[in-house]
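A short write-up of the structure that comes next.
Quick note: the coordinates plus some simple rules give every number you see, no bench work behind them. Here the structure is a predicted model, which means the values were calculated and not measured. With ideal geometry, Cβ positions are generated from the backbone for all residues, glycine too; neighbour counts draw on all protein chains shown.
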Amino acid sequence: MADVVYIPEKKLDKILSILDSLKVEIKELKSKREKEPLYGSDKWWEWSDRKSLQDIKAGRYKVFHTPDELQEHLDSLK
């Protein structure tokens, strides 16, 4: 019979959130491994547009329609 380990729900939630943040950081590191062209060059603009479209398709952006909405979001990050 396998040993059973009980983990409190709060600790499990913390572990899962840490894993999620690590996943995001790994994605960022992988994307940085892709060689970025010289800033401001035509190739850089093409690269930047391509990366932006990928972010939009993946839903990694947020639109703020009012300054209050932006401020509320910034306050929630504290």
**Complete:** Computed for the chain: size of charge dipole around the Cα centre, +1 on C-beta of each Lys and Arg, -1 on C-beta of each Asp and Glu, debye to nearest 20, value 380 debye
**Complete:** In degrees, nearest 10, the alpha-carbon axis of helix 67-76 is tilted away from the dominant principal axis of the alpha carbons of the chain by 40 degrees
**Prompt:** With each label point set 7 Å from Cα along the Cα-Cβ vector, what nm distance links ILE56 and VAL5?
**Reply:** 4.5 nm
**Fill in**
Most exposed to least, judged by fewest other Cβ atoms within 10 Å, TYR39, TYR6 sort to TYR6, TYR39
**Request:** On a 0 to 90° scale, report how tilted helix 42-58 is relative to the longest principal axis of the chain, with both axes built from alpha carbons and the result rounded to the nearest 10.
**Result:** 40 degrees
**Request:** Within the stretch 1-76, report the trypsin sites (Lys or Arg not before Pro) that DSSP leaves as loop and that have at most 11 other Cβ atoms within 10 Å.
**Result:** LYS35, ARG60, LYS62
**Prompt:** Residues with beta-carbon under 14 Å from that of LEU16, excluding LEU16: net charge, scoring Lys, Arg +1 and Asp, Glu -1?
**Reply:** +1
**Request:** Give the calculated FRET efficiency between ASP68 and ILE15 to the nearest 0.05, with a Förster radius of 35 Å applied to their Cβ-Cβ distance.
**Result:** 0.50
**Prompt:** Based on the alpha-carbon gyration tensor of the stretch 9-76 and its eigenvalue square roots a ≥ b ≥ c, which shape applies: rounded if a/c is under 1.5, prolate if not and a/b is larger than b/c, or oblate?
**Reply:** oblate
